[in-house]
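Asks: Have a look at this one.
The values are calculated or read from the model by the stated rules, or taken from the named source; none is laboratory data. Remember, it's a predicted structure, so these values are computed and weren't measured experimentally. Note: ideal-geometry Cβ built from the backbone for every residue, glycine included; neighbour counts use all protein chains shown. Heavy atoms of the whole protein, side chains included, go into the accessibility calculation; ligands, DNA and RNA do not. Shrake-Rupley method; radii C 1.70, N 1.55, O 1.52, S 1.80 Å.
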Amino acid sequence: MGKKFVYMFSEGNGSMRELLGGKGANLAEMTGLGMPVPQGFTVTTEACTQYYADGEKINEEIQAEIYANLAKLEEIAGKKFGDLENPLLVSVRSGARASMPGMMDTILNLGLNDEVVEVMAKKTNNPRFAYDSYRRFIQMYSDVVMEVGKAYFEKLIDEMKEKKGVKMDTELDADDLKELARQFKAEYKEKKGVDFPTDPKEQLMGAIMAVFRSWDNPRAIYYRRMNDIPSSWGTAVNVQMMVFGNTGDNSGTGVAFTRNPATGEKKLFGEFLMNAQGEDVVAGVRTPQTIDQLAEVMPEAYNQFVEICGRLENHYRDMQDMEFTIEDRKLFMLQTRNGKRTAAAALKIACDLVDEGMISEKEAVCMIDPKQLDALLHPQFDAKALKAAKPIGSALPASPGAACGKVVFTAEDATEWAQKGEKVILVRLETSPEDIEGMHYSQGILTVRGGMTSHAAVVARGMGTCCVSGCGEIKMDEENKCFTLAGKTYHEGDYISLDGSTGNIYGEAIPTVEASIGGDFGRLMGWADEYRQLKVRTNADTPKDAQQAMSFGAQGIGLCRTEHMFFETDRIAAIREMICSDTVEQREAALAKLLPMQRGDFEGIYEAMQGNPVTIRFLDPPLHEFVPTAEEDIAALAKTMGKSVSDIHAIIAGLHEFNPMMGHRGCRLAVTYPEIAAMQTRAVIEAALNVQAKHPDWKMVPEIMIPLVGEVKELAYVKSVVVKTADELIAAAKSDMKYKVGTMIEIPRAALTADEIAKEAEFFSFGTNDLTQMTFGFSRDDAGKFLGAYYDKKIYESDPFAKLDQTGVGKLVEMAAKLGRATRPDIHLGICGEHGGDPSTVEFCHNTGLDYVSCSPFRVPIARLAAAQAAIKNPR
Ligand code: PEP
Ligand code: MG
């Protein structure tokens, strides 16, 4: 028998997520648990992959399987597709392995046409309900098939409401809805050039194909890249018998979480709308009621729902996010999944579940997405400034955090402004999946419509972005890019601030302060530290960054870049003198001016690190970066150096490089000008001796790291300068201080000859920024310009400068680690490229047996957690 591409809900279970997608697997699981689930079937993710393999076609074999399962569903339902006595209607929903807001979500009421709708109107004795369902179907189907966006249809509905002089869509009557259905169909014909399909089977195939297609729309691709979801996974499609929340006042629909997704509080949290269908709650068209109110409106359904919530949470041992519909007082479960939550809620829920005896500490460590922690590490409002500020309005606290930025009105503007370095707040009537990229680039999101479960709220919480939603008081003027609130008009570019924890909106910029790790966060990190085997260091060049990283749990500095110290205004003059010197003496004189400054920098960093290891990397950037470009600076330099302006111009011209990234930088500078390495060594050792004298209990062992080595002899040469200088200083101080000299492995040749390099190097730190650049052969500075095309064409799925390319660059890392250890079994191994804070790379480093990862201060907690998860998954 060939592969099976379609499963009835009763044939699957919760462990089949890869094949059935998250939604399909959970519908099957709930069916197995005997819960009231409208029955249906799931077309598998493999059918989606097959659809693409067949050139975007559903082949005959799969079509036949879909029809066979449709027949089974008709049997279970006792209804038939297109039947004029007892018609079957279904919903069609996408459902990937991981929930993906960028994709097509739902088509409801599929199976309706001009005749079936009449039957439905007669049978239910409720023509309004029938036509409401019909117009929704045409609207959703057209939207996904034509990909025109919801706005167009909303406009027609608004025009109809205006014509009838009503405010709410529930106030439109059967004839109005019938007319809307006609208008929608006319639009479909106009756009597609063919009639709206009347045959339910044709509608079904069209809808399934639309779901498959939506797997590859730009929003979905963007979402996948952001969340490391491979494009090879594909999406499943769920076809489910309709139940109706819009038959009248005994029906309704809602969404609920077993715990509060914003705070983690253990209390049922949700919303519902009477006489409505699924989309209404999420789209924020009408403001819903809270789930508690359901207890009053329909106590039996409410009690049954509460009981099911408890069972589901115990079953999945995690907070659940559920959709339900009540049709004529009868409850149906449409979906359950582990709910998306804010980072703060994730930590509270994990700790509470441990305390409730539901999960182990290990499981708690594994249930937090390390990247999510980022949201907690970012600034909160300065309490004093916040007290002094007066809110201009408030709405729902949809996703916590503090945001301050300039107002923009479209997702495109948000992206564009943010890329120019502006901090922006996106203000929208409501958001939709097309806005994802812009939302990602925003500090915060403010919407006029929508509840706690609206698109904006759900997506913002997932991203860890502050969001305040449903501020109905805002008068929006999208066309002129301004809005009015509390009597004042705010234009594009004006500052506002949002408090996503209280829902307050401020018409001004409010300063923010740094975050700290405490409470549930501290508890969970404590558990993580017990399990991890990798040490976590930080990349820090200043005492302030070093302190920040220490407060986030860094165990040392893995990379202190010294060049920024050279760039500071009071030092650049001395650097320029050094570069333009003609003799060693002149050069040494210029360097002597720098020595005390650099020594002071190192002392500050050593103090901040309190005796923890510090790796100082010697000067790396090419010299031309330091020379002046402004004429007056050139003239000033000429004057101090007693040279002519044209001499200086000639020196600058001589420093020009066609390819600076592969030019005169790294240890090549020290080979040409060993005085620089000598001065830096002196600064490192003297600073360490001074600080050690103040703290006799710290056992300081300075680590000096030589960059951009590709040949053991160049390392040996620079090392000889370092050793000579250091040994003299230590002897003169009558100290027994030890120090280490190591190198970065960031040139492919260094990785290939790591056994030789290890003869000289006491440690290796993988500089995966340069190693990626040189292995791929594309420039770190220019790759951004063309990588977009590579993502579009699916040649690369993620940025190799952010997530380590384990296949290629990773192979070099593994090889170098092995070769290095063969020569020097106790060689200390780490990574200090940007990749050191990326969870998938941290896992790779654990598996490769490195001793530590080093990353920017704000990613230290992320790396700690990722290292623990790697160790739990694969103990070494
Ligand atoms: C690297 O190349 O990975 C590295 C850490 O050094 P830099 O980014 O300073 O070149
Ligand atoms: Mg480098």
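Asks: Given the options 152, 188, name the one that is within 24 Å of residue 94 (Cβ to Cβ), part of a helix (DSSP H, G or I) and open to solvent by 20 Å² or more (accessible area, probe 1.4 Å). Full working, then the answer.
Replies: Details: 188 fails: open to solvent by 20 Å² or more (accessible area, probe 1.4 Å).
Selected residue: 152, the only one of 152, 188 that is within 24 Å of residue 94 (Cβ to Cβ), part of a helix (DSSP H, G or I) and open to solvent by 20 Å² or more (accessible area, probe 1.4 Å).
Asks: Examine the range 852-869 for a residue that is over 17 Å from residue 373 (Cβ atoms), within 16 Å of ligand 2 (Cβ to nearest atom) and among the hydroxyl-bearing types (Ser, Thr, Tyr), and state whether such a residue exists.
Replies: Step one: filter the range 852-869 for residues over 17 Å from residue 373 (Cβ atoms), giving 852, 854.
Of the ones still in play, those that are also within 16 Å of ligand 2 (Cβ to nearest atom) are 854.
Among the residues that remain, those that are also among the hydroxyl-bearing types (Ser, Thr, Tyr) are: 854.
The answer is yes, given that some residue of the range 852-869 is over 17 Å from residue 373 (Cβ atoms), within 16 Å of ligand 2 (Cβ to nearest atom) and among the hydroxyl-bearing types (Ser, Thr, Tyr).
Asks: Of the conditions (1) in contact (Cβ under 8 Å) with a residue 60 or more places away in the chain; (2) open to solvent by less than 20 Å² (accessible area, probe 1.4 Å), residue 385 fails just one. Which one is it?
Replies: Here residue 385 clears every test but (2).
Residues are listed down the side, and each one gets a yes or a no for (1) more than 16 Å from ligand 2 (Cβ to nearest atom); (2) at pLDDT 95 or above; (3) open to solvent by less than 40 Å² (accessible area, probe 1.4 Å):
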{"residue": "665", "(1), (2), (3)": "no, no, yes"}
{"residue": "668", "(1), (2), (3)": "no, yes, no"}
{"residue": "672", "(1), (2), (3)": "yes, no, no"}
{"residue": "679", "(1), (2), (3)": "yes, yes, yes"}
{"residue": "687", "(1), (2), (3)": "yes, yes, yes"}
{"residue": "691", "(1), (2), (3)": "yes, yes, yes"}
{"residue": "701", "(1), (2), (3)": "yes, yes, no"}
{"residue": "704", "(1), (2), (3)": "no, yes, yes"}
{"residue": "709", "(1), (2), (3)": "no, yes, yes"}
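Asks: Which fully enclosed helices (runs of 4 or more DSSP H) of the range 1-84 have 2 or more residues being within 12 Å of residue 236 (Cα to Cα) and in contact (Cβ under 8 Å) with a residue 24 or more places away in the chain? Spell out how you get there, then give the answer.
Replies: On the way: elements: 17-32, 45-53, 60-77.
Because the criterion is at least 2 residues that are within 12 Å of residue 236 (Cα to Cα) and in contact (Cβ under 8 Å) with a residue 24 or more places away in the chain, the helices (runs of 4 or more DSSP H) in the range 1-84 that meet it are 17-32, 45-53.
Asks: Another one. Can you pull out every residue in the range 97-134 that is on the phi < 0 side of the Ramachandran plot, in a loop (DSSP other than H, G, I, E, B) and in contact with a strand residue (DSSP E or B) (Cβ under 7 Å, 6 or more places away or on another chain)?
Replies: The answer is 99, 103, 104, 105.
Asks: Restricting the search to the range 388-406, which residues are farther than 29 Å from residue 260 by Cα and touching a strand residue (DSSP E or B) at 6+ places or on another chain (Cβ under 8 Å)? Working first, answer last.
Replies: At the first step, the residues of the range 388-406 found to be farther than 29 Å from residue 260 by Cα are 388, 406.
Of everything in the range 388-406, just one residue is farther than 29 Å from residue 260 by Cα and touching a strand residue (DSSP E or B) at 6+ places or on another chain (Cβ under 8 Å), namely 406.
Asks: Moving on. Restricting the range 744-757 to residues that are touching a residue at least 40 places away in the same chain (Cβ under 8 Å) and either within 12 Å of ligand 1 (Cβ to nearest atom) or under 33 Å from the mean Cα position of the chain (by Cα) (or both), which is most open to solvent (accessible area, probe 1.4 Å)? Break it down stepwise before answering.
Replies: Taking the range 744-757 and keeping what is touching a residue at least 40 places away in the same chain (Cβ under 8 Å), we get 744-746, 748, 750-757.
Checking which are either within 12 Å of ligand 1 (Cβ to nearest atom) or under 33 Å from the mean Cα position of the chain (by Cα) (or both) leaves us with 744-746, 748, 750-751.
Numbers: 744: 6, 745: 1, 746: 3, 748: 30, 750: 1, 751: 0 Å².
The selected residue is 748.
Asks: Name every residue in the range 624-643 that is open to solvent by 50 Å² or more (accessible area, probe 1.4 Å) and either under 12 Å from residue 580 (Cβ atoms) or not polar (S, T, N, Q) (or both), in order of residue number. Lay out the reasoning, then the answer.
Replies: Pass one, the range 624-643, residues open to solvent by 50 Å² or more (accessible area, probe 1.4 Å): 624-625, 629, 631-633, 636, 639-640, 642.
Residues satisfying the conditions are 624, 625, 631, 632, 633, 636, 639, 640, 642.
Asks: Here is a further query. Looking only at the range 577-622, count how many residues are within 16 Å of ligand 1 (Cβ to nearest atom) and not aromatic (Phe, Trp, Tyr). I'd like the intermediate steps shown before the answer.
Replies: Just the residues of the range 577-622 that are within 16 Å of ligand 1 (Cβ to nearest atom), to begin with: 614-622.
Now narrow it down to the ones that are not aromatic (Phe, Trp, Tyr): 614-617, 619-622.
So the answer is 8.
Asks: Does at least one position in the range 781-799 carry a residue that is crowded, with 20+ Cβ neighbours inside 10 Å, among the β-branched types (Val, Ile, Thr) and either under 27 Å from the mean Cα position of the chain (by Cα) or away from ligand 1 (no atom under 14 Å from the Cβ) (or both)?
Replies: Looking through the range 781-799, none of the residues is crowded, with 20+ Cβ neighbours inside 10 Å, among the β-branched types (Val, Ile, Thr) and either under 27 Å from the mean Cα position of the chain (by Cα) or away from ligand 1 (no atom under 14 Å from the Cβ) (or both).
Asks: Do the conditions hold for residue 723, that is, is it within 16 Å of ligand 2 (Cβ to nearest atom), part of a helix (DSSP H, G or I) and under 16 Å from residue 679 (Cβ atoms)? Full working, then the answer.
Replies: Details: within 16 Å of ligand 2 (Cβ to nearest atom): no; part of a helix (DSSP H, G or I): yes; under 16 Å from residue 679 (Cβ atoms): yes.
Considered against the rule, which asks whether it is within 16 Å of ligand 2 (Cβ to nearest atom), part of a helix (DSSP H, G or I) and under 16 Å from residue 679 (Cβ atoms), residue 723 comes out as no.
Asks: While we're on this one: In the range 758-772, which residue that is open to solvent by less than 10 Å² (accessible area, probe 1.4 Å) and either more than 24 Å from residue 659 (Cα to Cα) or polar (S, T, N, Q) (or both) is farthest from ligand 2 (Cβ to nearest atom)? Steps first, please.
Replies: So in the range 758-772, the residues open to solvent by less than 10 Å² (accessible area, probe 1.4 Å) come out as 758, 761, 763-768, 770-772.
Adding the requirement that they be either more than 24 Å from residue 659 (Cα to Cα) or polar (S, T, N, Q) (or both) leaves 758, 761, 763-765, 768, 772.
Values: 758: 19, 761: 15, 763: 16, 764: 13, 765: 10, 768: 9, 772: 10 Å.
Going through the qualifying residues, I end up with 758.
Asks: Are any of the residues in the range 695-708 in a helix (DSSP H, G or I), away from ligand 1 (no atom under 16 Å from the Cβ), more than 30 Å from residue 222 (Cβ to Cβ) and β-branched (Val, Ile, Thr)? If you could, list the steps in order and put the result at the bottom.
Replies: Quick first cut of the range 695-708, residues in a helix (DSSP H, G or I) only: none.
Taking every residue of the range 695-708 in turn, none turns out to be in a helix (DSSP H, G or I), away from ligand 1 (no atom under 16 Å from the Cβ), more than 30 Å from residue 222 (Cβ to Cβ) and β-branched (Val, Ile, Thr).
Asks: Looking at (1) surrounded by fewer than 22 Cβ atoms within 10 Å (Cβ to Cβ); (2) assigned to a helix (DSSP H, G or I); (3) more than 16 Å from ligand 2 (Cβ to nearest atom), which is the only condition residue 736 fails?
Replies: (2)
Asks: For the range 518-540, which positions are open to solvent by 50 Å² or more (accessible area, probe 1.4 Å) and either of a type in the set (A, V, I, L, M) or in a loop (DSSP other than H, G, I, E, B) (or both)?
Replies: Within the range 518-540, the first condition is being open to solvent by 50 Å² or more (accessible area, probe 1.4 Å), and the residues that meet it are 519-520, 523, 529-531, 533, 535.
Of everything in the range 518-540, just one residue is open to solvent by 50 Å² or more (accessible area, probe 1.4 Å) and either of a type in the set (A, V, I, L, M) or in a loop (DSSP other than H, G, I, E, B) (or both), namely 533.
Asks: Where residues in the range 541-566 are within 16 Å of ligand 2 (Cβ to nearest atom) and open to solvent by 20 Å² or more (accessible area, probe 1.4 Å), which of them is nearest to residue 765 (Cα to Cα)?
Replies: Top of the filtered list is 561.
Asks: Which ranges mark the helices (runs of 4 or more DSSP H) fully within the range 341-384 that have 3 or more residues being modelled with pLDDT of 85 or more and more than 15 Å from residue 501 (Cα to Cα)? Can you show your working first?
Replies: On the way: elements: 343-355, 361-366, 374-377.
Qualifying helices (runs of 4 or more DSSP H): 343-355, 361-366.
Asks: Can you name the condition, by its number, that residue 157 falls short on among (1) under 27 Å from residue 124 (Cα atoms); (2) without any contact (Cβ under 8 Å) to a residue 60 or more places away in the chain; (3) not in a helix (DSSP H, G or I)?
Replies: Of (1) under 27 Å from residue 124 (Cα atoms); (2) without any contact (Cβ under 8 Å) to a residue 60 or more places away in the chain; (3) not in a helix (DSSP H, G or I), only one is false for residue 157: (3).
Asks: Hey, another quick one. Tally up the residues in the range 191-217 that are out of contact with any strand residue (DSSP E or B) (no Cβ under 8 Å at 6 or more places or on another chain), surrounded by 20 or more Cβ atoms within 10 Å (Cβ to Cβ) and of a type in the set (A, V, I, L, M), please.
Replies: The total comes to 0.
Asks: Please verify whether the range 601-612 includes one or more residues that are open to solvent by less than 60 Å² (accessible area, probe 1.4 Å), within 19 Å of residue 705 (Cα to Cα) and outside any helix (DSSP H, G or I).
Replies: Looking through the range 601-612, at least one residue is open to solvent by less than 60 Å² (accessible area, probe 1.4 Å), within 19 Å of residue 705 (Cα to Cα) and outside any helix (DSSP H, G or I).
Asks: Restricting the first residue to the range 547-564 and requiring it to be basic (Lys, Arg), which pairs with a second residue that is within 12 Å of ligand 1 (Cβ to nearest atom) meet a Cβ separation below 6 Å and a spacing of at least six or different chains?
Replies: Every condition considered, the pairs that remain are 561/541; 561/617.
Asks: Let me ask another. Yes or no: the range 163-170 includes at least one residue that is under 39 Å from the mean Cα position of the chain (by Cα), more than 25 Å from residue 93 (Cβ to Cβ) and in contact (Cβ under 8 Å) with a residue 12 or more places away in the chain. Give the derivation first.
Replies: Filtering the range 163-170 down to residues under 39 Å from the mean Cα position of the chain (by Cα) leaves 167-170.
From the residues that got through so far, the ones that are more than 25 Å from residue 93 (Cβ to Cβ) too are 167-168.
Then drop every residue that is not in contact (Cβ under 8 Å) with a residue 12 or more places away in the chain, which leaves 168.
Taking every residue of the range 163-170 in turn, at least one turns out to be under 39 Å from the mean Cα position of the chain (by Cα), more than 25 Å from residue 93 (Cβ to Cβ) and in contact (Cβ under 8 Å) with a residue 12 or more places away in the chain.
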